[in-house]
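Since the structure comes first, as C-alpha cells, the remarks are kept for the end.
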Amino acid sequence: MAVLCVLQAPAAHTASIPSNALEPVTADLALGRASDAISRLSSSLAADPGDAEAHNLLCRVYYQEERWDDAIHACETAVQLAPLDSGYHLWLGRAYGEKADSIHSIKAYGLAKKVRSEFERAVQLESGSVDALSDLGEFYTAAPGIVGGGKKKAQDVAHALDQYEPAQADQLRGHLAEKDKNYLLAETEFKAAVEASKQPANAWMALASFYSRRQQWDQMLEALRAGIDADAKAASPHGPALVDGATILSRNNQEPQLAIQLLRLYLASPNKSADSPAFQVQAQLSRLLDQQGDHAGARQQIEAAAALAREYHPTPRKAVSQ
C-alpha cells in the first residue's frame, strides 16, 4: 500500500450533471474508457463549468491515468464548488497522496498534511463512510507523526469502523500490528478480516499481501488461491480481487503464468471496477507477457490500453508488494 493513499471509491453526490450524461461517464470509469470519459466531461463542463460532480468525475479519470496534477486541479475545483460533499474531499485527499508519493522530496510533507486534512474533513462530513474512515485510518497508520500520523488515532478509527464494516476494522488493526512488528497479531487480524468480510476474495488477497511482505511464499500462495476460489464463488465473479492477486504475484516474481491467467480472466469479465481500470490491467498484462517473451502479445495489450486511455503513461511498478 502506498504510504499516503488507499484506493477505494465512494461517489455520493450527483450535483447538476444530468443523469443521462452521468450514467455513461460512470460506465466509462468502471470499464476504463478514460478518453471517452474525458471527452464527455469536457463537453459537459463547456456547457456548465460550475458542475461540481463533473469536475469530481474528471478528477477520478485523471486519477486512473496517474495524472496527479490534473487530478488535484479537478478535485480542488469540485471541493470549491461543493465544500460539504464528503466524497469530493476524499478524492482530493487521494490525489494529494499520490502526488506526494510520486515526488519523494520535502514537498511531500506539505502534501501529506493536505491529505490528512482532506481525509479528516471527509469523515467529519460523513462519519459513517467506510471508504473515508479506511483511508484516514491507513493514513494515520502509515504517516509519520510530523504530518499527523499516529497509532492512537488509527486505533480510534478502527473502533469507529467496527460498527460499519468489521472486516475493514480488522485489516486496519492488522496494518497497525504489522507496523509494530507484532506479526503474529497482524496475521490474526488479517485472518479475522477474512472471516468477517462480505467480500472474502478481497480479504484473502490482503492476507496474501501480508504474507508476501513477510516473504512467506507458501502461505502467500495458499491465501491467494483461497482468494481466487472465493472470487469464483462470488455473485459477481472475476472481479478486481483477481487483479490484486496478479499484482502480488508479479511484484514478487512468483507464478507469472498464473498472474497472466488472472489478468485475462478479469479483462474478459463484465465485472470490472473503476479501481482496476482495464487500460491499467492491459498495461500490467503487457509487461508480464513481454517478460515471458510474448512480445507480440505485449504489443497487442499496450495498444489496447492506448485505445482506451491515450494519455496514460504508466510509471514503473515497485518491486515489493504493497
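The values are calculated or read from the model by the stated rules, or taken from the named source; none is laboratory data. Since we're looking at a predicted model, the values are computed, not measured. Positions of Cβ are backbone-derived with ideal geometry, glycine not excepted, and every protein chain shown enters the neighbour counts.
Among the residues of the range 189-203, is any out of contact with any Gly (no Cβ under 8 Å at 6 or more places or on another chain), hydroxyl-bearing (Ser, Thr, Tyr), within 26 Å of SER129 (Cα to Cα) and assigned to a loop (DSSP other than H, G, I, E, B)?
yes
Mind checking which pairs have a first residue in the range 142-170 that is touching a residue at least 12 places away in the same chain (Cβ under 8 Å) and closer than 18 Å to LYS198 by Cβ and a second that is of a type in the set (Val, Ile, Thr) and not in a loop (DSSP other than H, G, I, E, B), Cβ under 8 Å, 6 or more apart or different chains?
That search, which allows pairs on different chains as well, returns LEU161/VAL130; TYR164/VAL130; GLU165/VAL130; ALA167/VAL194; GLN168/VAL130.
Restricting to the range 96-123, name every residue that is in contact (Cβ under 8 Å) with a residue 24 or more places away in the chain and either under 13 Å from SER86 (Cβ atoms) or in contact with a Lys or Arg (Cβ under 7 Å, 6 or more places away or on another chain) (or both).
Scanning the range 96-123 gives TYR96, LEU111, GLU118, PHE119, ARG121, ALA122, VAL123.
Could you please give the count of residues in the range 185-214 that are surrounded by fewer than 18 Cβ atoms within 10 Å (Cβ to Cβ) and outside the structural domain of ALA235 (by TED's automatic domain parsing)?
So the count comes out to 7.
Of everything in the range 124-145, what is under 26 Å from GLN80 (Cβ atoms), assigned to a helix (DSSP H, G or I) and of a type in the set (S, T, N, Q)? Give them in sequence order.
Passing the criteria: GLN124, SER134.
Tell me, which residue of the range 152-184 that is more than 15 Å from SER129 (Cα to Cα), out of contact with any Gly (no Cβ under 8 Å at 6 or more places or on another chain) and among the hydrophobic types (A, V, I, L, M, F, W, C) is surrounded by the fewest Cβ atoms within 10 Å (Cβ to Cβ)?
Per the stated criteria, the residue is LEU184.
Please go through the range 146-156 and give me each residue that is part of a helix (DSSP H, G or I) and not hydrophobic (A, V, I, L, M, F, W, C), ordered by number. Walk me through it before giving the result.
Of the residues in the range 146-156, the ones part of a helix (DSSP H, G or I) are 146-147, 151-156.
Once the filter is applied, which keeps residues that are part of a helix (DSSP H, G or I) and not hydrophobic (A, V, I, L, M, F, W, C), the range 146-156 yields LYS151, LYS152, LYS153, GLN155, ASP156.
Could you list all residues from the range 32-52 that are buried (at least 24 other Cβ atoms within 10 Å of the Cβ) and touching a residue at least 40 places away in the same chain (Cβ under 8 Å)?
Selection gives GLY32, ALA34.
Which members of the range 80-95 meet the condition of being assigned to a helix (DSSP H, G or I) and free of Cβ contacts under 8 Å to residues at least 24 places away in the same chain?
So the first thing to find is which residues in the range 80-95 are assigned to a helix (DSSP H, G or I), and the list is 80-81, 86-95.
Across the range 80-95, the qualifying residue is only GLN80.
Give the residues of the range 301-316 that are part of a helix (DSSP H, G or I), of a type outside the set (Val, Ile, Thr) and surrounded by 15 or more Cβ atoms within 10 Å (Cβ to Cβ), sorted by residue number. I'd like the intermediate steps shown before the answer.
Residues of the range 301-316 that are part of a helix (DSSP H, G or I), as a first pass: 301-308.
This time we only want the ones that are of a type outside the set (Val, Ile, Thr), so: 301, 303-308.
Passing the criteria: GLN301, ALA304, ALA305, ALA306, LEU308.
Conditions: (1) under 28 Å from CYS59 (Cα atoms); (2) buried (at least 23 other Cβ atoms within 10 Å of the Cβ). LEU262 meets all but one. Number of the miss?
Tallying (1) under 28 Å from CYS59 (Cα atoms); (2) buried (at least 23 other Cβ atoms within 10 Å of the Cβ), LEU262 fails exactly one: (1).
I'd like to know if the range 99-118 contains one or more residues that are out of contact with any Phe, Trp or Tyr (no Cβ under 9 Å at 6 or more places or on another chain), crowded, with 24+ Cβ neighbours inside 10 Å and of a type in the set (Gly, Ala, Ser).
Checked the range 99-118: no residue is out of contact with any Phe, Trp or Tyr (no Cβ under 9 Å at 6 or more places or on another chain), crowded, with 24+ Cβ neighbours inside 10 Å and of a type in the set (Gly, Ala, Ser).
So which residues in the range 252-268 are more than 19 Å from the chain's Cα centre (by Cα) and farther than 15 Å from TRP217 by Cα?
GLN257, ILE260, GLN261, ARG264, LEU265, ALA268
For the range 108-123, check the following and say yes or no: at least one residue is under 23 Å from GLU65 (Cβ atoms) and at pLDDT below 95.
yes
With the checklist (1) under 30 Å from GLN216 (Cβ atoms); (2) in a helix (DSSP H, G or I) in hand, flag the one item LYS181 doesn't pass.
Checking LYS181 against (1) under 30 Å from GLN216 (Cβ atoms); (2) in a helix (DSSP H, G or I), the one that fails is (2).
Residues in the range 276-289: is at least one within 16 Å of GLN64 (Cα to Cα), outside any helix (DSSP H, G or I), in contact with a helix residue (DSSP H, G or I) (Cβ under 6 Å, 6 or more places away or on another chain) and at pLDDT below 95?
no
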